[in-house]
Amino acid sequence: AFIAAVQGEGVATCAKHFPGHGDTVQDSHDVMPVIKHSRERLLEREVPPFRAAIASGVASVIVGHLMVPALQDPGEVAQGIPASMSRSILRFLRKDLAFEGVVMIDDIEMGAIAKRFSLREAVSASLQGGVDLFLVCHKEESQVEVMDAICDAVRSGEVSMSRFKDAVANVRRLVDTYASAPLLNDKARLRIVGSHEHREIVKSILAAAASSNDDE
């Protein structure tokens with residue numbers, strides 16, 4: 001109901017962090033978490049929320065930087081490949097769960113990735129595997145490096161042109177659905193979003209965040 005209501009108002013929703021990041025004491029901002037549950041347990045507990053979100057038409061899914069050996073090929077596990085770079089995990093998402101929206105991965109600058117792989121390695125493997133969109137949340141130089149890595153991977157043939165075109169088409173469909181000209185030109189919507197009440201809420205959130213940082 002939440003997904004339908006939000007997307008009905010023109011806002012894309014996102015389910016994360018696939019295939020389930022809840023049952024770990026490790027933080028992927030710093031290290032690579034490993035989910036050691038059996039396939040049966042994962043299908044019974046971790047996967048169903050994503051299955052339900054997909055059935056409700058969720059627009060996008062973020063794949064987490066964590067290893068899930070029971071859902072990954074043994075070779076990937078041996079190499080320390082996380083779900084976000086895993087062909088088997090992304091195939092499971094697309095084929096077994098029939099997800100047709102945009103596949104993203106968590107911030108590529110996080111420690112789980114940055115401490116094990118170069119940005120170029122991560123980008124190439126993820127894009128090959130089926131990722132459509134990358135989050136690069138902090139450094140401008142990292143954003144430029146990721147864009148260059150995408151171009152280099154396609155030009156070199158590491159990533160096929162058909163896979164690249166599929167990714168572009170998926171992202172374009174998302175943009176056309178939720179950021180198209182008719183939506184952006186809806187003055188009534190923009191007046192609500194930019195209203196005085198909304199701006200005051202933003203100010204209060206920023207003030208609370210600043211206070212929290214000062215307390216730390």
Trypsin sites (Lys or Arg not before Pro) restricted to segment 1-53 and DSSP loop, no more than 15 other C-beta within 10 Å:
K36
At what distance in nm do the modelled label points of A209 and K165 sit from each other, each positioned 7 Å from its Cα along Cα→Cβ?
4.0
Hey, rough spin-label estimate for K115 and L133, points 7 angstrom out along Cα→Cβ, what's it come to in nanometres?
2.9
Roll a 1.4 Å probe over the protein chains and send me the accessible area per residue for the chain in Å².
56
With Cβ to Cβ distances under 15 Å as the rule, what net charge do the other residues near H37 carry (K, R +1; D, E -1)?
0
Taking R0 as 30 Å, what's the FRET efficiency between H196 and A52 from their Cβ-Cβ distance, rounded to 0.05?
0.20
Residues with beta-carbon under 11 Å from that of Q72, excluding Q72: net charge, scoring Lys, Arg +1 and Asp, Glu -1?
+1
Please build a GNM for the chain, connecting alpha carbons under 10 Å apart, and tell me which residue among S124, S160, S204 fluctuates the most.
S204
Most fluctuating of G80, G101, G22 in the GNM of the chain (C-alpha, under 10 Å) is G22
Treating only the Cβ atoms of Lys and Arg (+1) and Asp and Glu (-1) as charged, compute the dipole magnitude of the chain about its Cα centre; round to the nearest 20 debye.
760
Springs between alpha-carbon pairs under 10 angstrom, Gaussian network model over the chain: which of L66, L135, L127 fluctuates most?
L135
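The values are calculated or read from the model by the stated rules, or taken from the named source; none is laboratory data. Source: prediction; values computed, not measured. Positions of Cβ are generated from backbone atoms using ideal geometry, with glycine treated the same way; all protein chains shown enter the neighbour counts. For the accessible areas, the whole protein counts, side chains as well, though only heavy atoms, and no ligand, DNA or RNA atoms are used. Shrake-Rupley method; radii C 1.70, N 1.55, O 1.52, S 1.80 Å.
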